[in-house]
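Comments concern the structure below.
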Amino acid sequence: MNFLIDANLPRRIVRIFQERGHNAVHTLDLSEGNATADAALLDYADENNCAVTTKDSDFSTSFWLQDRPNKLLLISTGNIRNAELETLLTANFDQLILALTENRYVELTREHVIVHA
């Protein structure tokens with residue numbers, strides 16, 4: 001599976017996806033870096049069949065109102081240390097991938113993996 005990691009997440013989580021056999025790119029790796037507009041991120045995700053991975057609820061709004069992106073992984077943990085985020089992501093990784101394989105919108109909170117239908 002392909003992932004586009006948004007600017008509001010640490011670049012080092014790309015490694016978590018890559019080490020588990022998935023393709024991942026951070027917005028810092030795009031030509032406009034973290035200044036890339038959300039519309040351009042959605043276009044990139046469409047063109048590269050990426051699940052947008054973000055903490056930005058604007059993408060949730062876009063998902064419901066514009067039916068974009070095709071796949072969304074929303075991380076709604078609030079403020080969290082990067083090390084805690086990595087631990088949480090790693091602990092729930094297989095469940096997240098399975099949920100995204102079968103669904104378009106998945107949310108990771110501090111306590112749950114939520115599938116939005």
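FYI, it's all coordinate maths here, none of it is from the lab. Since this is a predicted model, take the numbers as computed values, not measurements. Cβ sites come from the backbone with ideal geometry, for glycine too, and all protein chains shown count toward neighbours.
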- Residues other than Glu84 with Cβ under 15 Å of its Cβ, Lys/Arg counted +1 and Asp/Glu -1, net out at +2
- Taking the chain as a Gaussian network, Cα atoms linked when under 10 Å apart, which of Leu89, Leu30, Leu73 shows the biggest mean-square fluctuation? Leu30
- The answer for the net charge of residues other than Val106 whose Cβ lies under 13 angstrom from its Cβ, with Lys and Arg +1 and Asp and Glu -1, is -1
- Message: Just to be sure I understand, if you calculate mean projected area of the Cα convex hull in nm² for this structure, which of (i) 6.5; (ii) 7.1; (iii) 14.3 do you get?
- Response: (i)
- Task: Using a Gaussian network model of the chain whose springs link C-alpha atoms within less than 10 Å, name the residue from Ala39, Ala99, Ala24 with the highest mean-square fluctuation.
- Result: Ala39
- Within the set of other residues whose C-beta is less than 12 Å from the C-beta of Trp64, count the net charge using Lys and Arg as +1 and Asp and Glu as -1. 0
- Message: Rounded to the nearest 20 debye, what is the charge dipole size of the chain about its Cα centre when +1 sits on each Lys and Arg Cβ and -1 on each Asp and Glu Cβ?
- Response: 320
- Pick out the long, greasy-scoring helices in the chain: whole DSSP H runs spanning 24 Å or more along their own axis by Cα, mean Kyte-Doolittle at least 0.0. 82-102
